[in-house]
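Trainee: Mind having a look at this structure? Questions to follow.
No value in this document is a laboratory result; all are computed from the given coordinates. All of these numbers come straight from a predicted model, not from anything done at the bench. Cβ: placed from backbone, ideal geometry, glycine included. Neighbour counts: every protein chain shown.
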């Protein structure tokens, strides 16, 4: 992320003005995928890639925004009927509206922003935008009275109400609560969280981007969520205390197997197993046992690919390459249908893994996967 670029572009577009500068990161998720909307656990960490935005009040009731990366401008009012047509601008508008719903008197402002969270790579560029503006507007218009949890919920509500993605809370939570050198295990039902030191000495964490763009708003994501709800509704008949799949065991699921649609059954099986894997990884991290962490990552990939069916050919290929190269752990990361794999690899195997995989991927798909080394970093903050 380049602070100077944002400042110079802001000056260029807004009469040499200078405002305040805010940043929020994208995130990785070590394990716990598609569990957040099932009341389960997730294990994210903020990364050193994200969004930087400059903001200055403009004395009107309009927001004038410029996306530096897309070279696109928009102006919109702050009433519900003023929803902009550009996809990227809906994130900004949604955050403004969600703040207003919470009693914050948002006024017009000028803003320019840029990011180095790769779009569509599963590192939550959308949450980084939402968190940047939620944090900024909280400081500028609400004297930072809104607590961090509510800021994460503002990002989530923006996706639900203005973008049309029925997402869980993890991405926004990680972007707001991130802490350098730590992953966060979040219980998405109680919202209790715990920081775990993440310093895998002798290993590297690297993301390989399949460069297949995933469109999460596609019906596939919402369909999987519905499958999970369907399974819960049937299990509840025998077990009324069950609220989410997180409350279910495989025994409960199998009791109702004959009543549950076969596809819904597979989705539920994955979620129940994944909930346990997060707890297993917690224990392994406490012991510094990255071999067990890696084993669980491979199990998660298998579940996402074969049971939840959110992988794609390219991601499965990258996962196979990791196995062949002796990588400790590898799995698809993010919503799926494209994006990245996250890999934990021993330092001495790293160069061979990257070289071999990039070459094999290029031969098969006629393009290079992108390689991102990951550093765990801090959450939303003001830079200047």
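Trainee: Using a Gaussian network for the chain with springs between C-alpha atoms less than 10 Å apart, which of these wobbles most: 207, 304, 57?
Mentor: 57
Trainee: Once all Cα-Cα distances of the range 3-198 are split into 10 Å bins that start at 0, what whole-number percent is in each one?
Mentor: Answer for the range 3-198: a P(r) of 10, 38, 36, 14, 2 percent.
Trainee: Ranking 327, 42, 358 by Cβ neighbours within 10 Å, fewest first, what do you get?
Mentor: Going from sparsest to densest Cβ surroundings: 358, 327, 42.
Trainee: If I model a spin label as a point 7 Å beyond the Cα along the Cα-Cβ vector, how far apart are those points for residue 261 and residue 75 in nm?
Mentor: That separation, rounded to one decimal, is 4.7 nm.
Trainee: Can I ask one more? Relative to the longest principal axis of the C-alpha atoms of the chain, give the angle of the C-alpha long axis of helix 3-13, reported between 0 and 90° and rounded to the nearest 10°.
Mentor: 40 degrees
Trainee: Return 297, 250 ranked ascending by Cβ neighbour count within 10 Å, so the fewest neighbours appear first.
Mentor: With the sparsest Cβ surroundings first, the list reads 250, 297.
Trainee: Here is a follow-up. Go ahead and set up a Gaussian network model of the chain, Cα springs under 10 Å, then flag whichever of 366, 313, 130 fluctuates most.
Mentor: 366
Trainee: Using a Gaussian network model of the chain whose springs link C-alpha atoms within less than 10 Å, name the residue from 177, 317, 93 with the highest mean-square fluctuation.
Mentor: Looking only at 177, 317, 93, the biggest GNM fluctuation is shown by 317.
Trainee: Under the rule of -39500 (n - 2.57) per DSSP H run of 4 or more residues, summed and divided by the residues of the chain, what mean residue ellipticity at 222 nm is obtained, to the nearest 500 deg cm²/dmol?
Mentor: -14000 deg cm²/dmol
Trainee: Any chance you could give the angle, 0 to 90 degrees and rounded to 10, that helix 148-158 forms with the longest Cα principal axis of the chain?
Mentor: It works out to around 90 degrees.
Trainee: Now for a separate question. For a quick check: sort 318, 208 by the number of other beta carbons within 10 angstrom, fewest at the front.
Mentor: Ascending Cβ contact count within 10 Å gives the list 318, 208.
Trainee: Identify the residues of the range 271-288 with backbone N under 17 Å of a label point that sits 7 angstrom from the Cα of residue 251 along the Cα-to-Cβ direction, or state none.
Mentor: Answer for the range 271-288: 272-273, 276.
Trainee: Along the Cα-to-C-beta direction of residue 3, a point sits 7 Å from the Cα; which residues of the range 358-384 have their amide N less than 16 Å from that point?
Mentor: Label zone hits: 378-384.
Trainee: Compute the helix-to-body angle for 262-286: its Cα long axis versus the longest principal axis of the chain, expressed 0 to 90° and rounded to tens.
Mentor: 80 degrees
Trainee: Provide the convex hull volume over Cα atoms per residue for the chain, in Å³.
Mentor: Spelled out: Cα convex hull of the chain, divided by residues, is 142 Å³.
Trainee: How far apart, in nm, are two points set 7 Å out from the Cα along the Cα-to-Cβ line at residue 12 and at residue 371?
Mentor: 3.2 nm
Trainee: Provide the three semi-axes, in whole Å and in decreasing order, of the ellipsoid equivalent to the range 203-373 as defined by the square roots of 5 times the Cα gyration tensor eigenvalues.
Mentor: Working through the eigenvalues yields semi-axes of 33, 19, 11 Å.
Trainee: Using r as the Cβ-Cβ distance of residue 283 and residue 100, and R0 as 56 Å, what FRET efficiency do you calculate, to the nearest 0.05?
Mentor: About 0.80, to the nearest 0.05.
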